[in-house]
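Shown next, in structure tokens, is the structure this report addresses.
The values are calculated or read from the model by the stated rules, or taken from the named source; none is laboratory data. Computed from a prediction, not measured in an experiment: that's the story for all the values here. Backbone-built Cβ (ideal geometry, glycine too); neighbour counts: all protein chains shown. Calculation scope for accessible area: heavy atoms of the full protein, side chains included, ligands and nucleic acids excluded. Shrake-Rupley method; radii C 1.70, N 1.55, O 1.52, S 1.80 Å.
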Protein chains: 2
Amino acid sequence: MSRPSLSKRAERIPASPIRKLVPYALQAKQRGTHVFHLNIGQPDLPTIPSGLEALRDYQPRVIGYGLSQGDQALTAALINYYGRLGHHLEPHHVVTTTGGSEAISFAMMAIGDSDDEFIIPEPFYTNYNGFAITSGVRLVPITTYPEDGYRCPTVEQFEEKITPRTRAIIVNSPGNPTGAVYTREEMERVAGLAQKHNLYVISDEVYREFTFDGLTSIGILEVEGMDERAIVIDSISKRYSACGARIGCVISRNNPLMEAVLRYAQARLCPPALGQVVAAAAYSDETDYIEESRLEYQRRRDVVFTRIQEIEGVVCQKPQGAFYALVKIPVDDVERFAEWMLTDFSVDGYTVMIAPGPGFYATPGLGTQEIRIAYVLNCEELEHAMDALVAGIEAYNLRSTQM
Amino acid sequence: MSRPSLSKRAERIPASPIRKLVPYALQAKQRGTHVFHLNIGQPDLPTIPSGLEALRDYQPRVIGYGLSQGDQALTAALINYYGRLGHHLEPHHVVTTTGGSEAISFAMMAIGDSDDEFIIPEPFYTNYNGFAITSGVRLVPITTYPEDGYRCPTVEQFEEKITPRTRAIIVNSPGNPTGAVYTREEMERVAGLAQKHNLYVISDEVYREFTFDGLTSIGILEVEGMDERAIVIDSISKRYSACGARIGCVISRNNPLMEAVLRYAQARLCPPALGQVVAAAAYSDETDYIEESRLEYQRRRDVVFTRIQEIEGVVCQKPQGAFYALVKIPVDDVERFAEWMLTDFSVDGYTVMIAPGPGFYATPGLGTQEIRIAYVLNCEELEHAMDALVAGIEAYNLRSTQM
């Protein structure tokens with residue numbers, strides 16, 4: 001009786017899958033090796049200048065509570081931004097959240113009770129696992145594959161997973177970690193399933209503008225007849241390079257749903273005031289900041305994808321959006337490989353840290369040959385990083401055969 | 001099938017109890033009546049100057065993700081602040097959160113599963129209800145009474161409520177909404193129960209320094225033998241008048257517990273970067289800002305308490321801390337009274353908005369004669385506000401008898 005126990009869910013919530021690599025990265029740095037971090041979705045691009053300027057100009061007497069649904073100036077700016085995308089929203093369709101993270105939690109809790117099911121194509125954004133455990137719901141994965149660019153599952157594949165407990169299908173296009181951008185037909189496929197089986201669609205659109213080669217992403221709001229079913233998750237983190245501001249939102253035209261989301265929002269009082277100052281300015285910004293970011297990510301995608309193809313035995317369809325490539329590489333086990341790259345490898349004083357694939361799958365045993373590359377370094381650094389990665393894979397496999 | 005249903009928990013989560021009064025307050029303002037807001041715990045005191053200064057000096061290139069457990073500078077400043085209080089903490093004893101709200105959620109989820117029980121003296125901070133529903137745990141209230149100043153329940157009262165599902169006792173001293181400050185004996189009583197019955201104590205100490213008449217508050221860290229059981233909830237919101245910064249923390253010397261809290265923290269990536277800049281400066285501040293705030297609240301308490309005693313039939317022990325008075329007033333129903341004050345009453349062009357008592361009780365039917373007064377206006381405004389309140393109670397009761 002020296003120490004009371006923890007909750008069962010606390011035991012189940014996963015530690016960050018790259019966390020165990022962090023000490024090895026530190027050790028590499030202590031040895032003088034430069035570690036290129038391709039492992040995190042933290043953009044290196046400068047935060048949108050108008051946002052930083054608004055923050056500099058913000059001189060409050062009291063940093064007080066704001067509205068639980070978000071400050072009116074931000075809501076107005078956000079509605080304006082969605083208007084520029086062609087979507088008319090009313091203020092009550094929007095609740096500002098503490099990052100996209102809280103938006104996902106609120107959405108899950110508003111529609112799901114304990115053991116309710118959310119169908120999600122895997123691989124998917126790791127942290128969905130944490131949000132699901134926290135809110136007690138179950139993620140039901142449908143596996144997609146590197147060989148066909150992680151395309152949207154078929155109607156039959158979805159219907160195999162739909163049960164009376166299914167509450168929603170979660171989609172994320174452009175996708176983290178896949179880089180896939182769903183076509184209009186794919187988004188309509190998901191919407192049609194929701195209509196047929198009386199489900200919600202939670203559409204995580206935080207990478208909306210980051211699409212390449214003339215593709216555009218289709219948001220769930222663009223699909224007809226979805227007003228009562230569509231829940232958009234959004235965030236300023238990636239779009240405006242302001243991850244630390246912790247500002248996101250839930251958007252839906254389903255009024256009872258948004259009233260429920262607002263009640264959750266009231267329970268935590270209000271979203272961060274200072275981040276909202278940055279966000280309101282960002283959403284009002286009509287410069288070509290986003291387009292320049294998009295072009296920069298496209299250049300980086302080109303560097304990364306060109307170099308990936310040098311790897312013998314690699315499987316990777318050309319990434320279409322976001323700023324990730326998920327790459328199947330010819331190694332025995334990417335978790336061992338990721339660690340080895342930090343503990344045993346360097347070339348010209350460089351190595352790379354990547355995110356191992358298994359963290360992006362809910363199905364045990366999958367992803368053991370995939371790595372996620374986040375291209376959040378400039379093109380010159382990416383060339384060096386890819387040098388190290390390509391050489392590292394070769395050296396790792398030589399080492400294996402000699403053992 | 002026009003609209004899929006919400007979750008059961010979404011239906012259960014309470015709307016903010018004062019929210020229904022908001023339209024009436026707006027109408028009163030539209031009629032030209034000045035509404036004194038005694039209903040919210042939003043301090044009017046200026047945010048600590050060193051915090052605002054640090055924010056002005058913060059000129060990042062990228063507002064990026066920080067550590068999930070909070071930025072190192074803030075953790076160091078917080079440890080330093082606790083050191084000044086006489087408590088030695090290690091960095092892994094602290095996880096920075098998005099306000100005290102998230103700290104409470106993390107603590108509940110780290111130790112409680114669905115239907116686990118948390119014993120809490122009522123009346124208590126309204127939002128605990130929302131956090132409990134969100135995390136699926138049950139609050140088990142023990143009623144305390146205005147007649148004896150809402151003192152801590154007895155050992156027998158606690159033991160009546162302890163079951164195999166009990167995980168923790170929640171205490172909040174200085175208390176919102178009660179203004180009660182627990183004595184050392186009372187804190188030791190709670191700690192002793194936790195030791196005897198193998199429970200945690202969650203101690204919400206956000207009003208720590210705001211105690212009056214020479215009293216000091218006893219924190220749970222000051223009680224012997226509680227290292228594995230004590231969980232402190234803290235926040236900069238009230239102490240430094242920075243509610244909108246959304247910075248709080250969970251503190252415990254129970255290492256597995258803090259590892260679990262860290263996993264929850266990783267799931268939502270990081271706390272707000274900009275608020276942490278304010279918080280790090282605030283915790284490093286050794287000026288007499290807090291003491292001046294305390295003295296100001298004490299002066300206000302004196303104004304409010306003096307005027308309360310003018311009300312015939314009132315029950316209110318002198319508030320000992322925080323910045324609230326919970327007052328039993330001689331009206332039939334405080335919810336009707338609160339609404340009437342906004343819709344039908346003004347004196348010299350003034351009226352007041354107060355928080356009705358029932359929102360602070362978990363037991364249905366209680367609190368119908370209590371109102372919470374937050375003294376977050378200066379003494380001159382408080383005099384006017386109390387004029388209106390005293391006159392309002394009298395006028396309301398005359399009205400009743402004439403109906």
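Values for this structure:
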{"read-out": "Flag for A:ILE170 being crowded, with 22+ Cβ neighbours inside 10 Å, assigned by TED's automatic domain parsing to the domain that holds A:ALA103 and either of a type outside the set (Ser, Thr, Tyr) or modelled with pLDDT under 95 (or both)", "value": "yes"}
{"read-out": "Residue check for A:THR351: among the hydroxyl-bearing types (Ser, Thr, Tyr), more than 14 Å from chain B (Cβ to nearest Cβ) and either in a loop (DSSP other than H, G, I, E, B) or open to solvent by 20 Å² or more (accessible area, probe 1.4 Å) (or both)", "value": "no"}
{"read-out": "Filter result for B:PHE158 (open to solvent by less than 10 Å² (accessible area, probe 1.4 Å), within 30 Å of B:LYS328 (Cα to Cα), more than 12 Å from chain A (Cβ to nearest Cβ) and in a helix (DSSP H, G or I))", "value": "yes"}
{"read-out": "Given (1) small (Gly, Ala, Ser); (2) within 14 Å of chain A (Cβ to nearest Cβ); (3) free of Cβ contacts under 8 Å to residues at least 60 places away in the same chain; (4) crowded, with 24+ Cβ neighbours inside 10 Å, number of the condition B:GLY225 does not satisfy", "value": "(4)"}
{"read-out": "Residue check for B:GLU147: farther than 23 Å from B:LEU262 by Cβ and touching a Ser or Thr at 6+ places or on another chain (Cβ under 6 Å)", "value": "no"}
{"read-out": "Among residues of segment B:241-267, those that are in contact with a Ser or Thr (Cβ under 7 Å, 6 or more places away or on another chain) and either within 9 Å of chain A (Cβ to nearest Cβ) or free of Cβ contacts under 8 Å to residues at least 60 places away in the same chain (or both), counted", "value": "9"}
{"read-out": "Condition met for A:GLY192 (over 19 Å from the mean Cα position of the chain (by Cα), under 26 Å from A:GLY357 (Cα atoms) and in contact (Cβ under 8 Å) with a residue 12 or more places away in the chain)", "value": "no"}
{"read-out": "Number of positions in segment B:142-155 that are out of contact with any Pro (no Cβ under 7 Å at 6 or more places or on another chain) and part of a strand (DSSP E or B)", "value": "1"}
{"read-out": "Helices (runs of 4 or more DSSP H) lying entirely in segment B:2-119 (those with 1 or more residues that are within 12 Å of another protein chain (Cβ to nearest Cβ), aliphatic (A, V, I, L, M) and surrounded by 18 or more Cβ atoms within 10 Å (Cβ to Cβ))", "value": "B:8-12, B:49-57, B:99-111"}
{"read-out": "Pairs with Cβ under 9 Å, 6+ apart, first in segment A:35-61 and without any contact (Cβ under 8 Å) to a residue 12 or more places away in the chain, second part of a helix (DSSP H, G or I) and basic (Lys, Arg)", "value": "A:ARG56/B:ARG56; A:GLN59/B:ARG56"}
{"read-out": "Selection count, segment A:335-365, where residues are under 14 Å from A:VAL390 (Cα atoms) and either of a type in the set (Val, Ile, Thr) or in the same structural domain as A:PHE124 (by TED's automatic domain parsing) (or both)", "value": "4"}
{"read-out": "Positions within segment A:141-171 being among the hydrophobic types (A, V, I, L, M, F, W, C) and touching a residue at least 40 places away in the same chain (Cβ under 8 Å), in sequence order", "value": "A:ILE162, A:ALA168, A:ILE169, A:ILE170, A:VAL171"}
{"read-out": "Boolean, A:PRO177 is more than 20 Å from the chain's Cα centre (by Cα) and assigned to a loop (DSSP other than H, G, I, E, B)", "value": "no"}
{"read-out": "Residue list for segment B:123-136, restricted to those being open to solvent by less than 20 Å² (accessible area, probe 1.4 Å), free of Cβ contacts under 8 Å to residues at least 40 places away in the same chain and within 9 Å of chain A (Cβ to nearest Cβ)", "value": "B:PHE131, B:SER135"}
{"read-out": "Subset tally (residues that are hydroxyl-bearing (Ser, Thr, Tyr) and either open to solvent by 10 Å² or more (accessible area, probe 1.4 Å) or touching a strand residue (DSSP E or B) at 6+ places or on another chain (Cβ under 6 Å) (or both)) for segment A:228-251", "value": "1"}
{"read-out": "Segment A:364-389, residues that are part of a helix (DSSP H, G or I) and either open to solvent by 50 Å² or more (accessible area, probe 1.4 Å) or touching a Phe, Trp or Tyr at 6+ places or on another chain (Cβ under 8 Å) (or both)", "value": "A:GLU380, A:GLU381, A:LEU382, A:GLU383, A:HIS384, A:ALA385, A:ASP387, A:ALA388"}
{"read-out": "Residue within segment B:103-110 that is out of contact with any strand residue (DSSP E or B) (no Cβ under 9 Å at 6 or more places or on another chain), under 22 Å from B:VAL250 (Cα atoms) and in contact (Cβ under 8 Å) with a residue 12 or more places away in the chain present", "value": "yes"}
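Matching residues to (1) among the polar types (S, T, N, Q); (2) at pLDDT below 95; (3) crowded, with 24+ Cβ neighbours inside 10 Å; (4) more than 30 Å from B:GLN42 (Cβ to Cβ):
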{"site": "A:GLY192", "(1), (2), (3), (4)": "no, no, no, yes"}
{"site": "A:TYR207", "(1), (2), (3), (4)": "no, no, yes, yes"}
{"site": "A:PRO271", "(1), (2), (3), (4)": "no, no, yes, no"}
{"site": "A:TYR289", "(1), (2), (3), (4)": "no, no, no, yes"}
{"site": "A:TYR297", "(1), (2), (3), (4)": "no, no, yes, yes"}
{"site": "A:THR306", "(1), (2), (3), (4)": "yes, no, no, yes"}
